[in-house]
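The structure appears right after this line, and notes come after that.
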Amino acid sequence: MSMIKTPMGRRQFMITAGVTSTSALIYKKLTKVVAPGAQAGVAMASEKPGTADMKEVDNKYSHLLSPLRIRNVVLKNKLMATRALPNVLNDSPEPYPTDPTITYEANVARNGAAIVTVSVDKFDLKDRGVQYYVKKLTEAIHFYGAKADVSLTQMTEPEGYDISDIYDIRTRPNLGEYVVEAKEIPIDMLQKWIKGLAESARRYQDLGFDMACLYMNHSNSLLGNALSFKWNKRKDRYGGSTENRARLCIELCQAIKKLCGQDFLIDGQVCGEEDGGYTPEDLAEYAKLWEGSVDILQLRGKDGDFQHPSGYNSSKYNPSTLPYAEVVKKRGVKIITAPVGGYQDPDLAEEFIASGKTDMVAMARAFISDPEYGKKLYEGRGADVVPCVLDNRCHGGFCTVNPKLGFEHKINRMIDAPAAPLKVAVIGGGPAGMKAAVTAAERGHRVTLYEKNSFLGGLLRHADFYAFQWPFRDYRDYLIRQVNKNGIEVLLNTEATHDMIRSGGYDAVMVAVGAEAILPKMPGADGGNVYKVTDVYGNEKALGKHVVVLVGDGGLCGTQTGIYLAQNGHKVTALATGRILAVTEGAHSQIPDSTFEGLDFSHVLEAMPTSISGGNVTYRDAKGNEKSVKADSVVVYAGFKPRLDEVMKFSGSAIRFFTIGDCTGEGGNVQKVTRQAFAAASRI
């Protein structure tokens, strides 16, 4: 029976469980209407079966995908998904795990993860109805052979207490300056806390969870503060020596295993070292003491540092947390290591495990950016994995490179299959144009991509210059690979015209001609020493030593350009009209302070530029005082103007007309233009 004719109840069940996909439905429909000879090119690339020799497929990721045994528990591979439900799903107001959440977590298991870590602490688990939904969640994870790992987030100290007496003034990016004041938590309260958490773990086990995750990161958990050299000043059996500092974790693990059994696994998420405190070698000593209690060590970055890897603070080939796993393994510790943060590249993950540097890799955003991550690995198609750009937008909304995030549970009802293959023209080879071309080709259409330059990539060509933009460079190169692999005709050095498209007999035209940087209306802005942000890359030697960058009101683009110039030897002063230098989206997407270390980069906030002349930029400060700063060269970010006149040239050139990307005036970042392109191409 065709899936289209299947009763809705069964279809809805399969969608909720993550069994089906948009492309699978499209392919099943199209095989009924296209010529047999055309069917091979109809399925989306992500749905095509692996064509490589099976022996090669078996060996390509053999270490990463081989099973792992921990006592009587067998994990299907060495991929671990950490707790990282995107905010678009996590902020649901319902008091139970919703179908979108269940679908997402099930797909993480379906598409590779041997362990799926989730948090259900915000739900009233005494409610039998809530219990039902939680059981649906764990059963969906089990359906795909993965283990359900519950995050024990009730691990903070009782209100008013800490591991030791404390009075401290701290600063966090989202909270600003705040005071921490607490009394030392007494031993009887510690014992009650251990008992309560162990009982919680037992209740979670009854709901289908196979293991529990303990948070041992300092500053956000009692266990982490117990390990801390800075915060733990206790004089009893929980403070002082390494053995005593490790004791609280050991006693908690023992209490959990006493109630849940030895094969109820425990993974501990811990910082690899402490800023001004314990070292990686001390961590290895802790780990040695935890043998038999903790089963998996999930290793995060240094406590006190920005914990979320991005292009600014991480290297593709040398993840900052990998050395911690190596130190633990060299110490001979019999605990599985699973470093976390920036392990999206399957070829690198395979090498890290094959070389003995770690036992597993823990990931979050890899499963967000590509919901078919594991499927592609098992088919030996690592080159087709969608790279995460590490901008952390998923923490504040939607994923930059996965336009289906948040809609997985109903995507098949949102997108209709095409009635027949069409001839499609895409104008512009930036990220929007390439995504649209690939999506249309995956749906079975014949696509021609016109690009007036000699290269694809659009504004992402700048990623070749920024050292910290390597994740976006990877994404651009991925899109180019997909364009080449999907049989798209690419015409470089070709500026498309209305007549060219009209005479080509296209059924649809998708215009993605982008936007152009503009200059502000300010005296001197048209001077010979003034540059748009898009004009300095590869041309930095033409700029003078002293460069003033006008970043506007929280202009991320201008700030990044200033960092780039400072990294290339210029003395940079950034003038921001707002109270924040660079406004970013998402809870963890800000530029880490470490990015500016060692750079000749300064900035002035609430500075309103008024003129450029005589080798200076004049501005008014927050109090209205007029000031100036030396400027051999001035770089200006004043936004982008969509190329609407160029867009309208293609009006009437094809029956179906779409405008996508920055030329709509509604773009502005890769996330927005990617979603626009996918949505538009899915309507053809």
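What to note about this one:
- Restricted to the range 179-277, the set of helices (runs of 4 or more DSSP H) holding at least 1 residues that are under 22 Å from R83 (Cβ atoms), at pLDDT 95 or above and of a type in the set (D, E, K, R) comprises 187-206, 242-260.
- Answer residue from the range 648-668, given it is at pLDDT 95 or above and buried (at least 19 other Cβ atoms within 10 Å of the Cβ) and is nearest to V549 (Cα to Cα) among those: I660
- Failed condition for T101, given (1) buried (at least 24 other Cβ atoms within 10 Å of the Cβ); (2) of a type in the set (S, T, Y); (3) out of contact with any Asp or Glu (no Cβ under 6 Å at 6 or more places or on another chain): (1)
- Of all residues in the range 542-560, one or more are under 22 Å from L390 (Cβ atoms), assigned to a loop (DSSP other than H, G, I, E, B) and small (G, A, S).
- Flag if H498 is open to solvent by 30 Å² or more (accessible area, probe 1.4 Å) and within 17 Å of F658 (Cβ to Cβ): yes
- Considered as a group, the residues in the range 462-492 that are among the hydrophobic types (A, V, I, L, M, F, W, C) and surrounded by fewer than 16 Cβ atoms within 10 Å (Cβ to Cβ) include one that is nearest to K532 (Cα to Cα), and that residue is A467.
- Being open to solvent by less than 10 Å² (accessible area, probe 1.4 Å) and outside any helix (DSSP H, G or I) is a property that holds for Q298.
- The residues on offer are S633, S653, S613, S628, and the sole one that is of a type outside the set (V, I, T) and within 26 Å of Y450 (Cα to Cα) is S653.
- Which listed residue is more than 30 Å from Q131 (Cβ to Cβ) and open to solvent by 10 Å² or more (accessible area, probe 1.4 Å), from E273, E199: E273
- Filter result for A425 (of a type in the set (G, A, S), over 22 Å from Q344 (Cα atoms) and open to solvent by less than 20 Å² (accessible area, probe 1.4 Å)): yes
- Meets criteria (open to solvent by less than 50 Å² (accessible area, probe 1.4 Å) and either modelled with pLDDT under 95 or at positive phi (or both)) for G615: yes
- Count of the range 632-647 residues which are part of a loop (DSSP other than H, G, I, E, B) and either open to solvent by 30 Å² or more (accessible area, probe 1.4 Å) or aromatic (F, W, Y) (or both): 4
- Residues that are more than 18 Å from the chain's Cα centre (by Cα), buried (at least 22 other Cβ atoms within 10 Å of the Cβ), part of a loop (DSSP other than H, G, I, E, B) and of a type in the set (S, T, N, Q) occur at least once in the range 356-364.
The values are calculated or read from the model by the stated rules, or taken from the named source; none is laboratory data. For clarity, every value in this text was computed on a predicted model and none was experimentally measured. Here Cβ is always computed from backbone atoms with ideal geometry, including for glycine, and neighbour counts include all displayed protein chains. Accessible surface is based on the protein model in full, side chains and every heavy atom, while ligands, DNA and RNA are left aside. Shrake-Rupley method; radii C 1.70, N 1.55, O 1.52, S 1.80 Å.
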